[in-house]
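Encoded as structure tokens, the structure appears first; notes follow it.
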Amino acid sequence: MPEEDQVWQEKDQVLTFDEILRIVRVGTSLGIQKVRVTGGEPLTRPGVVDFCRDLSQIPGIRDIGISTNGTLLSRIETSGNGQNTAARLVSAGVRTANVSLDSLNPETYRRTTSRDLLPSVLRGIDDALSAGFTSLKLNCVLMKNQTEDEFTALIRFAREKGALLRFIELMPVSTTEVLSDANFLSCGTARQIIEQTHGPLLPRPDFKTNGPASYFQIPGTDQLIGFIGAMTNLHFCESCNKLRLTCDGKLRPCLGSYLEFDLLGPLRAGCTDDELRTLFYDVVARKPKEHDFRNNYQPNRRMIAIGG
């Protein structure tokens, strides 16, 4: 959570699970096959596991993932039949998990997140691996004067766990001030630092996941690591086919653009599925050719209100 005060939505301003399911059903009729449940932190919302199960039963959906900070994956609820959240998610049809892990140093983690929860995250990662997700990705946001000292430990940790580690360039999603020469560490520089210890990384353009990462193999191993360079990769947007649905019913064609289009109003005004399909087409038609992060991006909401 950001340290600044948050503007919280009233319950009636937030999409219900049934409304989200209807939007997804309309999306699948247009060819959408993959859904990722994000946040904020999606596991804080009551009923999210049952919601994921309902998602998995929609015809046409073949891949459901979740993005989480990992702190609640080990939680056992009284209604969970003794299973932790990770196991319940897999039982509900969730197949992939992305877990934020910016540091393995407890003090650095506490300073970065304002929470002393690294042990909970590490337990959550172990429980996710035991639960049987088909893919577990660890996402590390690159920070100058922080991540440089963490590369070796993070790479070793990911290799031991059999997880896919990705390094992500810092983006000015929440505020323009977050990005500066003092804290920005590029993927290119990160790669150079890693190669000083591990040797020249081997490009693996044949390896693809759902996201925009470029993958490399560490010499002498079968371990792959990914780099997501939204700020420095000039071809970053060329293969993007993502849409983001916010909790208050806005459909966003691009993370790095302030453009968003309301579905909540038409939905509650009684629009038909055909009218929703038309709205989908209108949003996709306005998908920018590239994001605005490098130029004049003006955030209109914080990342926790968009979705990762």
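Within the stretch 99-122, can one find any residue that is crowded, with 20+ Cβ neighbours inside 10 Å, at pLDDT 95 or above and under 21 Å from residue 217 (Cβ atoms)? Checking the stretch 99-122: at least one residue is crowded, with 20+ Cβ neighbours inside 10 Å, at pLDDT 95 or above and under 21 Å from residue 217 (Cβ atoms).
To keep it simple, each residue is scored yes or no on (1) closer than 21 Å to residue 207 by Cα; (2) surrounded by 14 or more Cβ atoms within 10 Å (Cβ to Cβ); (3) not hydroxyl-bearing (Ser, Thr, Tyr).
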{"position": "127", "(1), (2), (3)": "no, yes, yes"}
{"position": "132", "(1), (2), (3)": "no, no, yes"}
{"position": "136", "(1), (2), (3)": "yes, yes, yes"}
{"position": "142", "(1), (2), (3)": "no, yes, yes"}
{"position": "150", "(1), (2), (3)": "no, yes, yes"}
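Here's a check for you: in the stretch 207-221, which residue that is assigned to a loop (DSSP other than H, G, I, E, B) and touching a helix residue (DSSP H, G or I) at 6+ places or on another chain (Cβ under 9 Å) is surrounded by the most Cβ atoms within 10 Å (Cβ to Cβ)? Once the filter is applied, the top-ranked residue is 218. Any chance the stretch 187-206 includes a residue that's touching a Phe, Trp or Tyr at 6+ places or on another chain (Cβ under 8 Å), part of a loop (DSSP other than H, G, I, E, B), farther than 15 Å from residue 145 by Cα and modelled with pLDDT of 95 or more? The answer is yes, given that some residue of the stretch 187-206 is touching a Phe, Trp or Tyr at 6+ places or on another chain (Cβ under 8 Å), part of a loop (DSSP other than H, G, I, E, B), farther than 15 Å from residue 145 by Cα and modelled with pLDDT of 95 or more. Pairs meeting the criteria (first residue in the stretch 46-64 and free of Cβ contacts under 8 Å to residues at least 12 places away in the same chain, second residue buried (at least 16 other Cβ atoms within 10 Å of the Cβ) and not acidic (Asp, Glu), beta carbons under 6 Å, at least 6 apart or on different chains) are 48/42. Criterion applied to 74, 79, 103 was being touching a strand residue (DSSP E or B) at 6+ places or on another chain (Cβ under 6 Å), farther than 22 Å from residue 246 by Cβ and part of a loop (DSSP other than H, G, I, E, B), and the one residue passing it is 74.
Flag not set for residue 225, criterion: more than 20 Å from residue 143 (Cα to Cα) and in contact (Cβ under 8 Å) with a residue 40 or more places away in the chain. Within the stretch 32-48, the set of residues being modelled with pLDDT of 95 or more, farther than 16 Å from residue 16 by Cβ, among the β-branched types (Val, Ile, Thr) and not in a loop (DSSP other than H, G, I, E, B) comprises just one member, 35.
The values are calculated or read from the model by the stated rules, or taken from the named source; none is laboratory data. Everything numeric in this text was worked out from a predicted model, so none of it was measured. Cβ atoms come from the backbone with ideal geometry, glycine included; neighbour counts cover every protein chain shown.
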